[in-house]
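Take a look at the structure below.
The values are calculated or read from the model by the stated rules, or taken from the named source; none is laboratory data. Only a predicted model underlies this, so the values are computations on that prediction, with no experimental measurement involved. We place every Cβ from the backbone using ideal geometry, glycine too, and count neighbours over all the protein chains shown. Side chains included, ligands, DNA and RNA excluded: accessible areas come from the protein's heavy atoms. Shrake-Rupley method; radii C 1.70, N 1.55, O 1.52, S 1.80 Å.
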Amino acid sequence: MLLAQSMLYIDQEASCRTQIRGDIMNKKSNSQTKGAPIQLDGINHFAMNVSNMERAEAFYTGILGFPVIMRTETRGGLKHVEVDAGNVAIALFESPDLDFKTGQKIMTDDGYLHYAFSAPASRMDEITQTLKDSGVKMDGEPRNQSLYFFDPDGHQIEIKWVE
């Protein structure tokens, strides 16, 4: 009974978040008054450090299917690749000497840092199997309409199944 109540609560919470998110995304403000909040269009990109650009690019393009939209390298040798993840870009920056593990442990194990993407629920089995066949490190089995796994640098990623 407790498990059923917990699942009902999770479903209700997810429905509430979806409704609130929809209300926020659909809200339009024509207010030009002084002191009015600025109106942004959303997230353009988020940036991630990776230890090996070739490996990261192979994962984000070859496994997740995000096309490269920009590739640069500074005079100092900093490699930067952006991929198109649908409604947001992911900017990858190569930082081979950065200690990823300490920050990830704190932000993921003790916190909730992860990146979530959506996919049709009808593709759950196919996508899960593709990730497993590709040798991607999984974080358990699909649960609560989501699948969690890790990129080659240990960044936690979620796929949220949508109807």
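Okay, here's what the table says:
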item: Length-normalised contact order of the stretch 27-138 in % [C-alpha pairs under 8 Å, at least 6 apart]; result: 23 percent
item: Other-chain or far-sequence residues with amide H under 5 Å of SER146's (modelled H); result: TRP161
item: Surface accessible to a 1.4 Å probe, GLU94 within the full protein complex, Å²; result: 40 Å²
item: Whole-Å distance, taken between Cα centres, linking the stretch 48-107 and the stretch 110-130; result: 19 Å
item: Rounded if a/c under 1.5, otherwise prolate or oblate - the stretch 53-127, Cα gyration tensor axes; result: oblate
item: Computed accessible area, SER134, all protein chains, 1.4 angstrom probe, square angstrom; result: 60 Å²
item: Cα gyration tensor shape of the stretch 93-132, rounded if a/c is under 1.5, else prolate or oblate by comparing a/b with b/c; result: prolate
item: Residues with amide H under 5 Å from that of ILE69, placed H, sequence gap 5 or more; result: GLU82, VAL83, ASP84
item: Estimated FRET transfer efficiency when R0 is 35 angstrom, pair ARG55-GLU163 (beta carbons, to 0.05); result: 0.55
item: Cut-off 13 Å (backbone N to label point 7 Å along Cα→Cβ of LEU78), residues of the stretch 35-57; result: 47-50
item: Gyration tensor verdict on the stretch 112-163 (Cα atoms; rounded if a/c is under 1.5, prolate if a/b is larger than b/c, oblate otherwise); result: oblate
